[in-house]
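Quick notes on the structure that follows.
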Amino acid sequence: MEVRKVRFVEPGNLPYRRSPKNLYTYERYIRNPSIGLLTLATVVHGVVPDTLMYSESISYVNWDDVYDADIVFIGIFTFNANRGYEIADRIRERSDALVVMGGLHASLNYPEAIAHCDYVLLGEADESIRDFICALMGSGQDEGSSWRGGGSQGTGVRYIDFSNFPGLVYSATNDAGDPHIVHTGNPKPPHNIDLIPDRDLLYRYRKMAGHSTLWPQVHASRGCPHSCDYCAVVRHFGHRVRTRSPENVVEDIRQAINFHDRRLMPRFSKVCWITDDNFFADRAWAISVLKAIIASDINYRFTIQARYEVGLDDEMLDLLKRAGFIELAMGIEFIEDRDFETYHKKCSNEEVIRAIHNTQAHGLNVRGLFIFGAKHHTKGIGRQVAAFVEEHGISGVLLQSMYFVPGTPVYEASKGRLLHEDWSKCTGHVVHWPDNMRPAELEQEVIEASSLIYSKKNLWRKLLRRPWIEKVLALGEHYWHKSIRSDMRKELAYLKELENQTFQQQLAVQQLAVQQLAVQQLAQALQ
Ligand code: B12
Ligand code: SF4
């Protein structure tokens, strides 16, 4: 197959539309593009020069250009999966391009994804994507290729034998002509992830990068040794921690900052986000990266995601502070030990509180990431979380209702409780029937927590007392949460409708049971 042009598409939930709001609030959520997909575009660009990525988070898409490609790669997380399928169906309808899907959601849900594309390439595709393209181009024997099988026996894609290409899913028919899905085995994680994404390969990214809600972001390591029941990340990236070299990470940070800062428009939030799920899992490596940042000429502010343990590590906290970190986004998730136990999150409330205060004592803010809708949560959880945030001086929060991705233990355990599988609602909304509340009541609890934490009083307090950068962030967050709450209030009507439907169904089942009992009793009386 001739591969002359390759396009990558990141579906947007919600897709980009022109609006003056983009200048500051950028429409309801931070719209950073997928660095994973951009990394793959960078790899493919080395093989096929006419490679470009579109992200619906960043700009409109030139669809004619996409239809004209030979291969279109689409990457999906859960929250944008529906839009991804819509796009894939549309491309298959209107063009001859080969459509390949991948990413976390497609990998964990390949039977669903393959219905919308020609291939699903599973797992981390940093190396396999190159092998895949080389195979399509004819040989599969590219220099540096780890795949030595296949080879084309004809001129079209259909003649390529992919049966021993690891980590691939496609549809086929057996000898009797019955369709079935072929899964060629688990994907092999890449050996080397030392790659800096070429940000110019993303259409209009350079133009949009000055917007204050698009942040420089760098992903430095993958994998996590833990196994929290609700976590899809560890099911996708595995338990083995893999890292990029400190030099490579520092260079990526430098490029990311320059890319976002060289604008005429002033940036309100000069903060770079290290997006690793568990940056501190390999302690010695984390220390070497922080030391490399300190030794470099980079003078910037950073935020990073963390488990509570780092908050008890004085050496690490000192290094973070010296390297320019202003905040730890701590996966606190719950405020009661029984919830940690239920979902196999190894930590305790006491440890978390100690970690929060120790982090703050080192001059770093703590942002809290919380999950609502755990098994033991009851009405009032919103107020409890808000009180916890207030009591422990947590500077900002991400609140979201638990969601359930096929492949995670919570999904398996809660199948009967799911309200629907409309993935586009997996942006923090309630998607299950909680144990001790109705769904709309839980959604209301999240709204309650958000309005208490982001009250006008708290905003004024931050505006008066905090340093300049935090004032700006506080203002942005205040309005961000306001718009999230407005979305959630709209969702309430939908959840109540679902509740009504469920009540009607239950009522109908009960009425049927009563009628059947009456018929049985009548029959017995007549005998
Ligand atoms: C940065 C980030 C963001 C950024 C940017 C998101 C983006 N466009 O990528 C922003 C701030 C916008 C964001 C927002 C949200 N996020 Co977020 N985010 C992340 C984070 C921390 C890092 C993403 C990343 O760079 N990963 C590293 C790269 C290397 O991995 P990757 O993107 O998966 O790509 C690799 C492979 O998957 C594969 N691959 C990827 N695409 C494709 C495509 C093809 C064709 C192929 C073959 C392979 C392939 O190859 C890549 C290279 O190895 C992830 C956690 C994580 N570890 O991924 C959460 C994560 C993606 N976010 C998540 C969530 C829930 C959200 C929000 C809903 C949060 C909220 N309540 O608002 C919002 C959604 C916003 C919306 N659009 O509605 C969840 C999604 C869970 C799921 N099942 O999908 C994650 C996984 C976090 C978690 N702990 O669960 N997020
Ligand atoms: S610690 Fe974080 S990344 Fe690791 S399994 Fe738990 S939730 Fe997932």
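Where a number appears in this text, it was derived from the coordinates with a stated rule and is not lab data. Computed from a prediction, not measured in an experiment: that's the story for all the values here. Here the Cβ positions follow ideal geometry from the backbone for every residue, glycine too, while neighbour counts run over all protein chains shown.
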(message) What distance in nm lies between label points placed 7 Å from Cα along the C-beta direction at Lys375 and Ala284?
(response) 3.9
(message) Helix-only mean residue ellipticity at 222 nm, the chain, DSSP H runs n ≥ 4 weighted -39,500 (n - 2.57), per residue, nearest 500. What is it?
(response) -13000 deg cm²/dmol
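Given a Förster distance of 25 angstrom, what is the FRET efficiency for Arg206 paired with Ser269, based on the Cβ-Cβ distance and rounded to 0.05? Write down the numbers at each step before the final one.
On the way: r = 18 Å, r/R0 = 0.74.
Plugging the Cβ-Cβ distance into 1/(1 + (r/R0)^6) gives 0.85.
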(message) Under 12 Å between alpha carbons, and skipping anything fewer than 8 positions from Lys462 in its own chain: which aspartates and glutamates qualify?
(response) Glu470, Glu477
(request) Please give the direction-averaged projected area of the C-alpha convex hull for region 344-437, in square nanometres with one decimal. (result) 6.9
(request) At a Cα cut-off below 27 Å, give the lysines reachable from Lys457, other chains included and same-chain residues fewer than 8 away excluded. (result) Lys21, Lys270, Lys379, Lys471, Lys482, Lys490
(request) Once you have the Cα-Cα distance between Asp96 and Ser486, take 0.36 nm times their residue separation minus that, and quote the gain in nm to one decimal. (result) 136.2 nm
(message) What distance in nm separates the two pseudo spin-label positions at Ala115 and Ile294, each 7 Å out from Cα along the beta-carbon direction?
(response) 5.4
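Assuming R0 = 41 Å, what is the FRET efficiency of Lys321 and Asn164, from their Cβ-Cβ distance, to the nearest 0.05? Present the calculation step by step, with values, prior to reporting the outcome.
Values: r = 51 Å, r/R0 = 1.24.
Once the sixth-power term is evaluated, E becomes 0.20.
Express the relative contact order of the chain as a whole percentage, based on alpha carbon pairs under 8 Å and six or more residues apart in sequence. The partial results should precede the final answer.
On the way: 935 pairs, mean separation 58.9, N = 527.
Once divided by the residue count of the chain, the mean separation gives 11 percent.
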(request) Kindly give Rg over Rh for the chain, based on alpha-carbon atoms, with the Kirkwood expression for the hydrodynamic radius. (result) 1.00
(request) Output the peptides 413-422, 273-282, 99-108, 204-213 sorted from most to least packed, where packing is the average of other Cβ atoms within 10 Å over each peptide's residues. (result) 99-108, 273-282, 204-213, 413-422
